[in-house]
Amino acid sequence: MKTSSLLNGHSFVVDAMVIINFHSCCVLDKLSNWLFGRIIIAKEVKREIIKKPSLSGSVNLEEYLKNGAMIEREIEGEEQEELFYEYYQSKLNGTSLHVGEAACLALAILTDYGLLCDEKIVLNEFKSKCPQKVCMNSWGLIGEAVKVGLIEKKESDDLKKGFYWG
């Protein structure tokens, strides 16, 4: 797996729990600023986010989509559709994937995007299929933010606790 930096220009397909975790801790604006224009939201993930409010209430992505901080993508083309349905209709190590997780995998595997996901089984699948691409969870992204000086260690520790309890 490549080493990453928030500043190296990678775009990420982001799963619903990442967005919900950042929103729950009232730092979704930080996430959108750190990865402005590089947060890819699958249409299926957007639907999941709308249905599941965070601890801080409902998540409104429209402002982020409108200003270009986040980019909405659909599963397009036969190859993406086939991979999406393969993941959605099967199990990974006995675990059924949600529609959003299946969409994240299909988009991230078949594009140049990395993956930002808080579901271990999805991360492991992506790493096995695309070991050369950037892949991390919310905690890893927070660690990267500390490395490049976007936040201090204390704030990082507080956010990680918030993600854990959120």
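Below are the figures for this structure:
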{"read-out": "Reach of Lys66 by Cα under 15 Å, taken over aspartates and glutamates that are not fewer than 8 positions away in the same chain", "value": "Asp29"}
{"read-out": "Exceeding the 30 Å Cα-Cα cut-off - candidates Lys43/Lys160; Lys129/Lys153; Lys51/Lys154", "value": "Lys129/Lys153; Lys51/Lys154"}
{"read-out": "Coarse-grained scattering of segment 1-83 at q = 0.10 Å⁻¹, given as base-10 log I(q)/I(0) from a Debye sum over alpha-carbon atoms", "value": "-0.25"}
{"read-out": "Highest average packing first - 120-133, 43-56, Cβ atoms within 10 Å", "value": "43-56, 120-133"}
{"read-out": "Per-residue HN-Hα couplings for segment 98-106 [Karplus 6.51, -1.76, 1.60; θ = phi - 60°; Hz; x = Gly/Pro]", "value": "6, 4, x, 5, 4, 5, 4, 4, 4"}
{"read-out": "Karplus 3J(HN,Hα) series, Hz, for segment 117-134 with 6.51 cos²θ - 1.76 cosθ + 1.60 (x for Gly, Pro)", "value": "8, 9, 9, 4, 5, 6, 4, 4, 5, 4, 4, 6, 8, 9, x, 7, 9, 6"}
{"read-out": "Rg to Rh, two decimals, where segment 12-159 supplies the alpha carbon set and Rh follows Kirkwood", "value": "0.95"}
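Coordinate-derived values only; no laboratory data. Everything numeric here is computed off the predicted structure, so don't read it as measured data. Quick reminder, even Gly has a Cβ in these numbers, built from the backbone with ideal geometry, and neighbours come from all protein chains shown.
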